[in-house]
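The values are calculated or read from the model by the stated rules, or taken from the named source; none is laboratory data. Worth saying up front: this structure is predicted, and the values here are computed from it rather than measured. Glycine gets a Cβ as well: all are built from the backbone with ideal geometry, and neighbour counts include every protein chain shown. Remember, those area values only see protein heavy atoms, side chains included, never the ligands or the DNA or RNA. Shrake-Rupley method; radii C 1.70, N 1.55, O 1.52, S 1.80 Å.
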Amino acid sequence: MLSVIIETHNDEEGLARTLASLVSGAVEGMVRDVVVCDRGSTDGTRTVAEHAGCAWVEGGIAAAIAAAKGDWLLLLEPGARPAEGWTEAVATHAAGSGMAARFSRDRADRTPFLSRILSRPGPLAQGLLLPRRQALALVRNADSAEALGRGLAVKTLKTAIQPARRVGRETGLASP
């Protein structure tokens, strides 16, 4: 069983899109729980999370991992949407590997050439699937979900994700 962790800050629309894409996983029994780890939202993010039945945590990524109930954790950015059929790829990986993994990029969602050159996707742009025990070991040195995902050796899953749309921090360009 899988716990999904989504770190948010004023991301009510993105959170709603991500939660909608996880419904199939909940129906199939793959998603055990969703933990929303908030970093001080002042919009309707909490309302979206509560209406969807998510656990709400304000104590940082370590508290979110502690609140998660699954043996595997899937960390997603608000607005990211795993492609249809993602549950099969995740189940296959979790059953046969103890290694962290990321989704492959959605071929229909390619960034423009200039954006690819001037910006680098964040460590959670393609999601991050990892065993709970590995996350517990890594969280000692991480203050955010992004910090948890930096520098990990990962396998690429054979299913895609449509990354969240973000405004590039350094370049001002839109980046997936």
For the chain, the per residue accessible area (1.4 Å probe, Å²) is 51
Which whole-Hz couplings ³J(HN,Hα) result when phi for each residue of region 136-152 is put into the Karplus expression 6.51 cos²θ - 1.76 cosθ + 1.60, θ = phi - 60°, listed in order with x for Gly and Pro? 4, 6, 6, 5, 4, 10, 10, 9, 8, 5, 4, 5, 5, x, 5, x, 7
Cut-off under 5 Å, modelled amide H: who pairs with G70 long-range: S3
R17 neighbourhood, Cβ < 12 Å, K/R = +1, D/E = -1, net charge -2
At q = 0.11, 0.17, 0.18 Å⁻¹, what base-10 log of I(q)/I(0) does the Debye formula yield for the chain when every alpha carbon is treated as an equal point scatterer in vacuo? -0.42, -1.06, -1.20
Output ordering of 44-50, 137-143, 122-128 (per-residue mean of other Cβ within 10 Å, highest first) is 122-128, 44-50, 137-143
Long-range amide H partners of R165 with built H, under 5 Å: none
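If I compute solvent accessible area with a 1.4 Å probe over the protein chains, what percent of it on the chain is carbon and sulfur?
On the way: 4430 of 8930 Å².
The value for the chain is 50 percent carbon and sulfur by accessible area.
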If amide H atoms are modeled at 1.01 Å from N in the peptide plane, then the residues at a separation of 5 or more from L157, or on another chain, having amide H under 5 Å from its own are R102, F103, S104
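Sort largest first and round to whole Å: the equivalent ellipsoid semi-axes of region 1-49, each the square root of five times a Cα gyration tensor eigenvalue. Before the final figure, lay out each step's value.
On the way: eigenvalues 88, 24, 9 Å².
So the equivalent ellipsoid measures 21, 11, 7 Å along its semi-axes.
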